[in-house]
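S.K.: My questions will all concern the structure given below.
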Amino acid sequence: MTSRLRIRWFGQSAFLISGGQAVFVDPFGVISKLTEQGLRFDYPPIDGVEADVLLVTHEHGDHNAVEVVGGSPHILRSTAGTFGSPIGEVVAVASEHDDAAGTVRGPNTIFCFALGGRVPGRARRSCRAYPRERVRTRAALGHRRRTDRGAALGANRKERNTMNEILYTAEPTVTGGREGHGRTSDGRLEVDLDVPSEMGGTGGPGTNPEQLFAVGYAACFQSALLRIAAGRKLDLTGSRITARVGIGPLAGGGFGLSAALDLDAPQIDRGLARELMTRAHEACPYSRATRGNIDVTLTVGGTTLERQAA
């Protein structure tokens, strides 16, 4: 038996599709950068909506504000493949967001799914054109194209991540490298630095860059998590984020970093904690700064969510 589908449009390409369960597509929040660039964006920020599944077709700021949708939805974002979800199987087909093989505006994803026994009209045509057995081949071609156009996409990503305004700048000065001394220009932080014995150093009483980075990452990440929790009227008083930053040799030579972030919040259930961690990882400036460069492991009470590039 099929259910009646209801489709609510929020502007741009943001839709809430309801039919027994709910799917939200391409959410946006406060869009200030577009208006500052002289472009019109007449739609109010999305607020007060919930969904079972949240789909992001591509990673532009007016399509990927996953934090504005409540209900702890299962999130699928701009990745080709076949996925399980609360509404059943979702087939995601690799595509491009322009007529130049994605080299201008990046990759795009077409999602095919059924809701309440029905397939939304536009998605029905896409699903027929790209049957399931072709998804893997299409995804592989998309990966090859993305590899070839890496430089162009990198430039596009850089443009999207450029700050409109710098609100605060930290300015420390270090002498002596990892076995030296560091002090900020305002004198609020002054530390001696030592190399840990595990790295062949003296293991002296001074701190090290990994500890300093771990403190900064944990503080920034928890602030993002608390802001998201407050927006959902959740009290996380007494919660803790523990960060672990590791350093070691890379297979290709040189050294690299890894990071792990663990949430201790016994007052909320594990499923909700997982959702908050995922959303904080999307919003935290430190996570954004390191995205695609280092491996980050998110855990709740020591249980891993998933290992992913930051």
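S.K.: Would you call Leu257 assigned by TED's automatic domain parsing to the domain that holds Glu282 and within 21 Å of the chain's Cα centre (by Cα)? Walk me through it before giving the result.
M.R.: Values: assigned by TED's automatic domain parsing to the domain that holds Glu282: yes; within 21 Å of the chain's Cα centre (by Cα): yes.
So Leu257 passes the test.
S.K.: Is one or more of the residues making up the range 177-192 in contact with a Lys or Arg (Cβ under 6 Å, 6 or more places away or on another chain) and at pLDDT 95 or above?
M.R.: At the first step, the residues of the range 177-192 found to be in contact with a Lys or Arg (Cβ under 6 Å, 6 or more places away or on another chain) are 190.
Among the residues that remain, those that are also at pLDDT 95 or above are: 190.
Taking every residue of the range 177-192 in turn, at least one turns out to be in contact with a Lys or Arg (Cβ under 6 Å, 6 or more places away or on another chain) and at pLDDT 95 or above.
The values are calculated or read from the model by the stated rules, or taken from the named source; none is laboratory data. Since the structure is predicted, the reported quantities are computational estimates derived from the model, not experimental observations. Because the Cβ atoms are built from the backbone with ideal geometry, glycine has one as well, and the counts that use them run over all protein chains shown.
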